[in-house]
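Only one structure is covered here, and it is reproduced in the block below.
The values are calculated or read from the model by the stated rules, or taken from the named source; none is laboratory data. Note that this is a predicted model, so its numbers are computed, not measured. What goes into the accessible areas is simple: the full protein's heavy atoms, side chains included, and nothing from ligands, DNA or RNA. Shrake-Rupley method; radii C 1.70, N 1.55, O 1.52, S 1.80 Å.
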Amino acid sequence: MLVLSTDTLLPNMKVIDIHGFIEKTYPVEISDKGLIRGFMERKRNEHQEAYDAFVNSAGTQGNVIYGVKVSTSVGQFKNGSFLYITYYGTVATVELIN
């Protein structure tokens, strides 16, 4: 899946079908996780997990997500502070032309 932040496709891309708009919000805990959780999750890349969840939400439809934008917000609750990362974009099927 090709992911583009541009609002328009490249000149050598012909749109075959537009499958619609997708959006995925992913919470990332940013509060102190404590020594044990911090050690156990030290190699975890939650930002990559958020991006992967967004791309996977397109399913098998299309081969391009374009017009991708990212929005963030922060929430503080009893169980911790969280960064909410929201990705959104348009899924389409395109073919390359010469």
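Residues whose amide H lies under 5 Å from that of residue 4, counting only those 5 or more places away or on a different chain, are 65, 66, 67, 68; hydrogens are built 1.01 Å from N in the peptide plane.
Per residue, what volume in Å³ does the Cα convex hull of the chain take up?
Working: hull volume 10.2 nm³, N = 98.
So the per-residue Cα hull volume is 104 Å³.
Largest mean-square fluctuation among 78, 14, 69, in a Gaussian network model of the chain whose springs join Cα atoms under 10 Å apart, belongs to 78.
Between 0 and 90 degrees, the angle of helix 46-56 with respect to the longest Cα principal axis of the chain falls at about 30 degrees. Annotation: per residue accessible area for the chain equals 67 Å², rounded to a whole number [probe 1.4 Å, protein chains only]. Taking amide H as placed 1.01 Å from N in the peptide plane, residue 13 has its amide H under 5 Å from the amide H of 97, each at least 5 places away in sequence or on another chain. Counting helices only, and only those DSSP H runs with n ≥ 4, report the 222 nm mean residue ellipticity of the chain as the sum of -39,500 (n - 2.57) divided by its residues, in deg cm²/dmol to the nearest 500. Calculated from helices alone, the mean residue ellipticity at 222 nm is -5000 deg cm²/dmol. Couplings 3J(HN,Hα) for region 11-25, derived from phi with the Karplus relation 6.51 cos²θ - 1.76 cosθ + 1.60 (θ = phi - 60°), are x, 8, 10, 10, 6, 8, 7, 9, 8, x, 8, 10, 8, 9, 10 Hz, where x marks Gly and Pro.
Straight Cα distances below 16 angstrom link residue 69 to the aspartates and glutamates 7, 23, 52, with same-chain residues fewer than 8 positions distant left out.
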